[in-house]
Amino acid sequence: MNSFLLEKIVLPLGDFILKSNFIKRLNFWRSFDSFSEIDLINYQEKQLKIQLLYAQKHVSKYKGIKIDPDENLNEIIKSFPVLNKDDLRSNPEFLQINNNQNVSRIYSSGSTGVSTWVSMDKSDLMSIQSLSIHLWELCGYKLGNPILQTGISPNRSRLKKMKDFFFGVYYVSAFTLNKVDLKKICSRLLRNEKYTLVGYPSTLNIISEYVIENNIKLRLKNVIGLGDKLFDHYKNNIQQAFGCKIHETYGSSEGFQIGFQADLDYMYLYTPQVYMELLDDNDNPVKEGEIGNVVVTRLDNKHMPLIRYKLGDLAIMLPKEKYPPNRKFNFPLIEKVIGRNTDVVILPDNRKLIVHSFTGIFEYIPEIKQFKIIQKNKKSITVQFISDDNFTKEVLKNINQKLQKIINNNDFKIYFEEVSEIEGTKSGKPQIIESYIT
């Protein structure tokens, strides 16, 4: 659909019919693209204070908190407890505003093992959906161009079906992609090189492998990854298959749009919508450049304000002295989103090995088709693996030597277990490290 027609006629008409404000919110989010660094800081601080005072006044869980509006903002936010997924699952009603508006429940994928939900009114939903589209714009998507999206919600809601229709979205289930599905996807992409391909990097990698194996000449303008980890071999396959880079986004189904990639390999932190803290296991701030638990506060919702919500992810902020001299936007930079806090192996001296410590080895071991790391104590790990036809026991010796070189601890044991199948998570996302250490 023509971009002008979509933005000036179709979407405003949809807002009028639905009594919504999608276009207004989209333009609101666009306005921050040109903000200076100090303007972004000032806006975020202002909205954070408004949100904290609002939550303290209206939300049952926070009404006992004493706040001095003139106090330093860092001290004010420390007055609020850190929420985890168990808190959200057990007492969601204590976090909601008790009004009679129509609200929708939005469920998380349960990739951490705990499925939760949040409720949003129409205004909160329009805000998050318009921001989602804008982050795609910042990743290179052009409004009006068709979208092929993979995901885990094949049974689309009425609102999502309308969004798919207006934006020209062709939605594909990410759970199972057989050769017939892959052929249909490629056939559709071949019709129009203006397609933006959006989905889990793991699913996009499956499509790219099919393209490469079948020598299909496909060229796209843009590929956007969301929802799971983008490994280096995924990135290389996608670039080879589609002739363009993949841009990552980072968010959560609880209503947070946290980051996006544009001109840099680093990710921009979208501060107008979210206040992010990186905390250690005792809820103290970590230094820039250090791994911390991702704790977020949404700044644009009013029905169910989530204050200091621990997503279960780990990330690292890029130290200011490492910022590139030129960058397209003035948002802060995230050095790396590592993934879930169960996506690390903890060594006896408390060093942490991230997923990429293992994928950097296994991607060069063609005799292993798939692997998974399981840790139940700090003294050992078990490597589950599915072997290829060319597998020999020498392969395991090679892997063991490479891992021991990284671990650098002769007492740490590495066990290997050959299996016929490695189960994924309920959400369909891959889980390479499964940790039982709390």
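The values are calculated or read from the model by the stated rules, or taken from the named source; none is laboratory data. Note that the coordinates shown come from a computational prediction; the quantities given were computed from them, not determined experimentally. Cβ: placed from backbone, ideal geometry, glycine included. Neighbour counts: every protein chain shown. Each accessible area value is taken on the protein alone, full model and side chains, heavy atoms only, with ligands, DNA and RNA left out. Shrake-Rupley method; radii C 1.70, N 1.55, O 1.52, S 1.80 Å.
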Volume in Å³ per residue [convex hull over Cα atoms, computed for segment 186-281]: 124
Area of residue 33 that stays accessible when all protein chains are in place (1.4 Å probe, Å², to 10): 50
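State the extension gain, in nm to one decimal, for the chain segment bounded by residue 86 and residue 7, taking 0.36 nm per residue of separation less the distance between their alpha-carbons.
Values: separation 79, 0.36 × 79 = 28.44 nm, distance 4.08 nm.
Full extension of this stretch gives 24.4 nm more.
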Accessible surface ranking that places the most exposed of 171, 266 first, with a 1.4 angstrom probe: 266, 171
Amide H contacts under 5 Å for residue 150, placed H, 5+ residues apart: 172, 198, 199, 200
Eligible lysines near residue 217 by straight Cα distance, threshold 24 Å, same-chain separation 8 or greater: 142, 179, 183, 184, 194, 235, 245
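Could you check how much of the accessible area of the chain is carbon and sulfur, as a whole percent, using a 1.4 Å probe? Before the final figure, lay out the partial values.
Values: 10290 of 21740 Å².
The C+S portion of the solvent-accessible surface of the chain is 47 percent.
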Accessible area (Å², 1.4 Å probe, nearest 10) - residue 190: 90
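With a 1.4 Å probe and all protein chains kept in place, how do 394, 434, 335 rank by accessible area, largest first?
Values: 394 115, 434 35, 335 65 Å².
Order by accessible area, largest first: 394, 335, 434.
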Set of segment 286-323 residues, backbone N closer than 18 Å to the point 7 Å along the Cα-Cβ line of residue 46: 299-301
Segment residue 416-residue 351, length gained on full extension (0.36 nm per residue, minus Cα span): 21.2 nm
Accessible area of the chain divided out per residue, in Å², using a probe of 1.4 angstrom: 50
Computed lengthening from residue 328 to residue 105, 0.36 nm per intervening residue step minus Cα-Cα distance: 76.7 nm
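Between residue 236 and residue 393, what FRET efficiency follows from the Cβ-Cβ distance if R0 is 30 Å, with the result rounded to 0.05? Could you put the intermediate results ahead of the total?
Working: r = 29 Å, r/R0 = 0.98.
The computed FRET efficiency comes out at 0.55.
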Candidate aspartates and glutamates - alpha carbon under 14 Å from residue 163, same-chain residues fewer than 8 apart omitted: 7, 15
Net charge of Cβ neighbours under 12 Å - reference residue 370; Lys, Arg +1; Asp, Glu -1: -4
Nitroxide proxy distance, nm - points 7 Å out along Cα→Cβ at residue 265 and residue 36: 3.2
³J(HN,Hα), Karplus 6.51/-1.76/1.60, whole Hz, each residue of segment 222-230, x for Gly, Pro: 7, 10, 10, x, 8, x, 8, 6, 9
Accessible area (Å², 1.4 Å probe, nearest 10) - residue 288: 90
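Quick one: order 295, 180, 10 from most to least accessible surface, probe 1.4 Å.
Values: 295 0, 180 90, 10 25 Å².
Solvent-accessible surface, decreasing: 180, 10, 295.
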For segment 186-197, 3J(HN,Hα) per residue [Karplus equation, 6.51 cos²θ - 1.76 cosθ + 1.60, θ = phi - 60°, Hz, x = Gly/Pro]: 5, 4, 5, 5, 5, 5, 8, 6, 7, 4, 9, 9
Karplus-derived 3J(HN,Hα), 6.51/-1.76/1.60, for each residue of segment 367-383, Hz, glycine and proline x: 6, 10, 7, 7, 9, 8, 9, 10, 10, 10, 8, 7, 9, 6, 9, 10, 9
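Calculate how many DSSP beta bridges within the chain are antiparallel, expressed in % of all such bridges and rounded to the nearest 5.
On the way: 39 of 64 bridges.
Just about 60 percent of them are antiparallel.
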Other-chain or far-sequence residues with amide H under 5 Å of residue 338's (modelled H): 314, 315, 316
5 angstrom amide H check on residue 330, placed H, neighbours 5+ away: none
Protection proxy ranking, peptides 307-316, 213-222, average beta carbon neighbours within 10 Å, highest first: 307-316, 213-222
